[in-house]
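Below is one structure, written out as structure tokens; comments come after it.
All of the numbers you see were taken from the coordinates with simple rules; none came from a lab. Remember, it's a predicted structure, so these values are computed and weren't measured experimentally. Heads up, the Cβs are rebuilt from the backbone with ideal geometry, glycines too, and the neighbour counts pull from every protein chain shown.
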Ligand SMILES: [Zn+2]
């Protein structure tokens, strides 16, 4: 992404992006065009996580490619509705979406790639490791458990 491209963004600033640890030239402009759409659809503030762009250790290679973003919603705007975030992320053009719950708060991974994937990651408290599972559940399995 270039400085000119960043300055065309309505919601995100160069400072916010570089504060994650990322170098702006490593981040794809298309990622932030989609993040701007997501911000519009959510109609609330998005906070980028430290190491949530191209830096840090990630299982998803899209981070290194500059087309993935980890974020949370500013709690001052109200409770986070993870399902609404998921739907808005689809509408914004993301097809790799992870919903994370750390025992106290939600955070999200969004990316675009040739293949879609959706997942849920949970942990009971800070310091625990993430447990990964399917975001979409088999309704037959849900029903069997309910019986
Ligand atoms: Zn991520």
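Filtering 83, 72 for residues that are loosely packed, with under 14 Cβ neighbours inside 10 Å and closer than 22 Å to residue 133 by Cα leaves a single hit, 83. Taking region 97-111 as the range and being farther than 13 Å from residue 38 by Cα and within 15 Å of the ligand (Cβ to nearest atom) as the test, the residues that pass are 98, 99, 100, 101, 102, 106, 107.
Of the residues 126, 76, 44, 137, the single one that is more than 16 Å from the ligand (Cβ to nearest atom) and free of Cβ contacts under 8 Å to residues at least 24 places away in the same chain is 137.
Listed here are the residues, each with its yes/no results for (1) within 12 Å of the ligand (Cβ to nearest atom); (2) without any contact (Cβ under 8 Å) to a residue 24 or more places away in the chain; (3) under 15 Å from the mean Cα position of the chain (by Cα).
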residue	(1), (2), (3)
23	no, no, no
26	no, no, no
32	no, no, yes
35	no, no, yes
48	yes, no, yes
51	yes, no, yes
64	yes, yes, yes
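From 94, 12, which residue is over 25 Å from residue 129 (Cα atoms), in a loop (DSSP other than H, G, I, E, B) and within 14 Å of the ligand (Cβ to nearest atom)? Exactly one residue qualifies, and that residue is 94.
With respect to (1) surrounded by 14 or more Cβ atoms within 10 Å (Cβ to Cβ); (2) within 14 Å of the ligand (Cβ to nearest atom), the lone exception for residue 59 is condition (1).
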